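> Before anything else, here's the structure in question.
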Amino acid sequence: LQVRDRQAPDGWVTVRPEPAAFTINTGDMAQIYSNNRYHAPEHRVLTSPSTPRYSAPFFYNPAYTAAVQPLPSLGAPHFDRCVWGYFRAMRFAGDFADYGEEIQISDFAKGSGSWHVSNQSRFMAEVDFDASFDVEAMRPLLTRSSA
């Protein structure tokens, strides 16, 4: 496992496993909740032809309707409100439908001017999370041209 070096953006730092310990990637929503105290690292996995590697990824996510924002006790917020269902749908669309740039939490940074901050309200008013997600049917809600 390697994480992007925040001080040298072209560099990667190898994460050395600690015996009898877990390595935890806090993820995007934890970075927002923590008001940037914890960072969601860009990461990658390298394989080795001579050493076995075992991973057990586990994703613990908020409800799709959850509004994620910095905890009030952590000072002036660095992020606008981000609705998890919108963020996840946009990531899905970016991963599988190639609708352009992948959504990032930086789109919800205060003052970012990102279209996502306003588009998520429209998306949440029209989406049905009980129905199967159909990226083509959702295209009008997931693309900038319709915002």
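> With each run of n ≥ 4 DSSP H residues scored as -39500 (n - 2.57), what mean residue ellipticity at 222 nm is computed for the chain after dividing by its residue count and rounding to the nearest 500 deg cm²/dmol? It would help to have the intermediate numbers written out before the result.
Numbers: 4 runs with 34 residues, N = 147.
One gets -6500 deg cm²/dmol as the mean residue ellipticity at 222 nm.
> Considering only protein heavy atoms, with the full assembly of protein chains and a 1.4 angstrom probe, order 123, 92 by accessible area, largest first.
On the way: 123 0, 92 70 Å².
Heavy-atom accessible area, descending, gives 92, 123.
> In whole Hz, with x marking every Gly and Pro, tabulate ³J(HN,Hα) for the range 45-56 from phi via Karplus 6.51 cos²θ - 1.76 cosθ + 1.60, θ = phi - 60°.
Coupling constants for the range 45-56: 10, 9, 9, 10, x, 10, 10, x, 9, 10, 10, 9 Hz.
> Pairing the Cα long axis of helix 84-96 with the longest principal axis of the chain, what angle in degrees results, from 0 to 90 and rounded to the nearest 10?
70 degrees
> At a probe size of 1.4 Å, how large is the accessible area of residue 4, to the nearest 10 Å²?
70 Å²
> Taking H as built 1.01 Å from N, whose amide H comes closer than 5 Å to the amide H of residue 83, not counting residues under 5 places away?
Under 5 Å from the amide H of residue 83 lie the amide H atoms of 68, each far enough along the sequence or on another chain.
> Have a look at 48, 112, 73 and tell me which one the Gaussian network model of the chain (Cα, springs below 10 Å) gives the largest fluctuation.
The residue that fluctuates most here is 48.
> Okay, next question. Of 118, 34, 50, which has the largest mean-square fluctuation in a 10 Å C-alpha GNM of the chain?
Most flexible of the set in this elastic network: 50.
> Name the residues whose placed amide hydrogens come within less than 5 Å of the amide hydrogen of residue 12, ignoring near sequence neighbours (fewer than 5 apart) on the same chain.
5
> Using 0.36 nm per residue, how much length does the chain from residue 38 to residue 126 gain when fully extended, once their Cα-Cα distance is taken away? Can you show the working numbers first?
Values: separation 88, 0.36 × 88 = 31.68 nm, distance 3.24 nm.
Going from the current span to full extension adds 28.4 nm.
> Next question. Per residue of the range 63-79, what does 6.51 cos²θ - 1.76 cosθ + 1.60 with θ = phi - 60° give for ³J(HN,Hα)? Whole Hz please, x for Gly and Pro, Karplus curve as stated.
Per-residue couplings from phi come out as 4, 4, 8, 5, 8, 9, 8, x, 5, x, 6, 9, x, 4, x, 8, 10 Hz.
> I'd like the accessible area for residue 134, computed on protein heavy atoms only with a 1.4 Å probe and all protein chains in place. Round to 10 Å², please.
Roll a 1.4 Å probe over it and residue 134 shows about 80 Å².
> Ok, one more. For the Cα atoms of the chain, what angle does the longest principal axis make with the long axis of helix 116-126, in degrees from 0 to 90, nearest 10?
The angle comes out near 60 degrees.
> Select from the range 48-85 those chymotrypsin sites (Phe, Trp or Tyr not before Pro) which occupy a DSSP coil region and have at most 10 other Cβ atoms within 10 Å, ordered by residue number.
Numbers: sites: 54, 58, 59, 60, 64, 79, 84; in loops: 54, 58, 59, 60, 64.
Listed in order of number, the matching sites are 54, 58, 59, 60.
> Related question: So what does the Cα-only Debye profile of the chain read at q = 0.15 Å⁻¹, as log10 I(q)/I(0), no solvent term?
Listed by q, the Debye log ratios stand at -0.91.
> Name the residue farthest towards the positive end of the dipole of the chain from the options 75, 141, 1, assuming +1 on Cβ of Lys and Arg, -1 on Cβ of Asp and Glu, about the Cα centre.
The one lying farthest along the dipole's positive direction is 75.
> How much of the accessible area of the range 24-133, in percent, comes from carbon and sulfur atoms when a 1.4 Å probe is used? Don't jump to the answer; show the numbers that get you there.
Working: 3790 of 7210 Å².
Here carbon and sulfur together make up 53 percent of the probe-accessible area.
> Here is a follow-up. Specify the residue with the greatest mean-square fluctuation among 66, 109, 20, computed from a Gaussian network of the chain linking alpha-carbon atoms under 10 Å apart.
20
> So, for the chain, what is the accessible surface per residue at a probe of 1.4 Å, expressed in square angstrom?
Working: 10190 Å² over 147 residues.
For the chain, the per-residue accessible area is 69 Å².
The values are calculated or read from the model by the stated rules, or taken from the named source; none is laboratory data. None of the values given here were measured: they were computed from a predicted structure. No Cβ is skipped: glycine too gets one built from the backbone with ideal geometry, and neighbour counts run over all protein chains shown. Heads up: the accessible areas ignore ligands, DNA and RNA and are worked out on the full protein's heavy atoms, side chains in. Shrake-Rupley method; radii C 1.70, N 1.55, O 1.52, S 1.80 Å.
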